[in-house]
Amino acid sequence: MGVKITGVTPGSPAARRGIRAGDELLRMNGHDIEDVLDYRFYMNEAALSMVLSRQGKKRVLRLHKRPEEEPGLEFATYLMDSQHSCRNQCIFCFIDQLPPGMRESLYFKDDDSRLSFLFGNYITLTNLSEHEIERIIAMHISPINVSVHTTNPALRCQMMHNRFAGSCLEILQRFAAAGIKMECQLVLCPGVNDGEELARSMEDLAALVPAVESVAAVPVGLTKYREGLAPLRVYTREEAAAVVRQVEAFGERMLALHASRIFYPADEFYLQAGLPVPEDEAYYGDFSQLENGVGMTALLKSQFREAMAACTSAPGGSRLTFATGVAAHPLMEELAAEAKARWPEIRAEVIAVRNDFFGETITVAGLVTGGDLIRQLKGRTGDYLVIPEVMLRHEGDLFLDDVSREDVERELGVKLVVSPVDGEALLSALHL
């Protein structure tokens, strides 16, 4: 066991001690090094005793550095080994609903506890070995983001098509007892894990507060590619409103007990229900569930209005087109109207892009494709086309359908502007 060193940063503590690419790092301060968690956890000490192997020969090397300084070792991958894939076959899995022919990386199902800690990815806990559970507790890795969905063991096994999925609550209890903080997610499917089952899940998770810091209730997302999959449907307006009322009521109860609502419906539930999204920032605490779309509307409005109040510059006078998903369209129109009320000379149009690629039930901006932009905006754009950065992959070059930024600019004859999803960036784009 150990990890291969592929490079050493010039001038780093490791370089000064003669460590070279090709060496293998076995132990650090008496601890086996298996992957990135071990390495990053133990590297922070100022004095490191490292066991390395070079061409099969072990040696012990002592390295001294500043506590915040990295040793300077480089590895083949960030995780130092392969990414852990999901063993479940969840009835609502979005990846199972992708059309064929997309880039291979999109079909990979991630369920890696290390990425939960490092990047905030959500995990189901079904992929954890006893060794990994004990390591999380021993290192006090926190917070962990958990896709719970239901705390009913039998229902969880059924929803995930995994006979081991029912042990989720037991692992959550162990983490809570060890003081591990958890942010939880409930993807709700109509008639499956809502109603009485949702009430049970919330009660079970509430029993783990304060270790469970927040819980987001998120509506299932369904594409048009569901042939051969579980017969699910989207929430009706009335059903979505019932979920909002149920989660809000439970949140009020938690607020009285813990000074925090803890349980939140995603903004998308309010939109599906035709209800106003709460705008009071205090409602959302520290906005810990933004990744699940909880509080995004309130935060964007607040940021935009603060930026507008502080802004002293005049708009640039360009003709602007803002493209977004159907769900965010009313919000974007509202903010554009507020800007126009202050600066009447602003020339901006907000267009909702229908999701023909995945199906019209998918309404979020992050799943709008380049092809849909091109087909629906032909002849309709101004001098600049502004899109949110969530439409592009992390590298910022491709849409989900492998259409590039350059393809969109060429086909629409427009300059594409990619904007971060925050109010200040949105106001800056209005001043192009």
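Per-residue answers, yes or no, for (1) farther than 18 Å from residue 132 by Cα; (2) open to solvent by 40 Å² or more (accessible area, probe 1.4 Å):
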| position | (1), (2) |
| --- | --- |
| 4 | yes, yes |
| 7 | yes, no |
| 13 | yes, no |
| 20 | yes, yes |
| 27 | no, yes |
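Scan the range 317-351 for residues that are of a type in the set (Lys, Arg) and assigned to a strand (DSSP E or B) and jot them down.
The answer is 319, 347.
I'm checking my understanding of the structure. Among residues of the range 404-427 that are over 22 Å from residue 328 (Cα atoms) and either part of a helix (DSSP H, G or I) or of a type in the set (Ser, Thr, Tyr) (or both), which one is most open to solvent (accessible area, probe 1.4 Å)?
So, considering only residues that are over 22 Å from residue 328 (Cα atoms) and either part of a helix (DSSP H, G or I) or of a type in the set (Ser, Thr, Tyr) (or both), the one most open to solvent (accessible area, probe 1.4 Å) is 410.
Name the residues in the range 410-432 that are within 17 Å of residue 373 (Cβ to Cβ), touching a residue at least 12 places away in the same chain (Cβ under 8 Å) and not hydrophobic (A, V, I, L, M, F, W, C), would you?
411, 413, 415, 419, listed by residue number.
Can we say residue 195 is closer than 28 Å to residue 234 by Cβ and open to solvent by 50 Å² or more (accessible area, probe 1.4 Å)?
No: the conditions fail for residue 195.
Where residues in the range 84-129 are surrounded by fewer than 15 Cβ atoms within 10 Å (Cβ to Cβ) and among the polar types (S, T, N, Q), which of them is modelled with the highest pLDDT?
Checked the range 84-129; the qualifying residue modelled with the highest pLDDT is 89.
Do we find a residue being more than 22 Å from residue 367 (Cα to Cα) and at pLDDT below 95 anywhere in the range 217-229?
Yes; the residues of the range 217-229 include at least one that is more than 22 Å from residue 367 (Cα to Cα) and at pLDDT below 95.
Out of the residues in the range 335-368 meeting the condition of being closer than 30 Å to residue 311 by Cβ and open to solvent by 60 Å² or more (accessible area, probe 1.4 Å), tell me which one is nearest to the chain's Cα centre (by Cα).
For the range 335-368, the residue satisfying everything is 349.
Within the set of pairs 6+ apart or on separate chains, which have a first residue in the range 300-319 that is open to solvent by 60 Å² or more (accessible area, probe 1.4 Å), a second that is hydroxyl-bearing (Ser, Thr, Tyr), and C-beta atoms under 8 Å apart?
Pairs found: 319/384.
Before we move on, is residue 241 part of a helix (DSSP H, G or I), without any contact (Cβ under 8 Å) to a residue 12 or more places away in the chain and under 30 Å from residue 277 (Cα atoms)?
Criteria not met by residue 241.
Considering only the range 369-382, how many residues are surrounded by 15 or more Cβ atoms within 10 Å (Cβ to Cβ) and either assigned to a helix (DSSP H, G or I) or more than 26 Å from the chain's Cα centre (by Cα) (or both)?
Final tally of qualifying residues: 9.
Please count how many residues of the range 130-179 are open to solvent by 30 Å² or more (accessible area, probe 1.4 Å), modelled with pLDDT under 95 and among the hydrophobic types (A, V, I, L, M, F, W, C).
4
Answer yes if at least one residue in the range 29-46 is more than 30 Å from residue 144 (Cα to Cα) and open to solvent by 40 Å² or more (accessible area, probe 1.4 Å), and no otherwise.
no
The values are calculated or read from the model by the stated rules, or taken from the named source; none is laboratory data. Bear in mind that the values here come from a model prediction, so they are computed numbers and not experimental data. Note: ideal-geometry Cβ built from the backbone for every residue, glycine included; neighbour counts use all protein chains shown. Side chains are part of the model used for accessible areas, which takes the heavy atoms of the whole protein and leaves out ligands, DNA and RNA. Shrake-Rupley method; radii C 1.70, N 1.55, O 1.52, S 1.80 Å.
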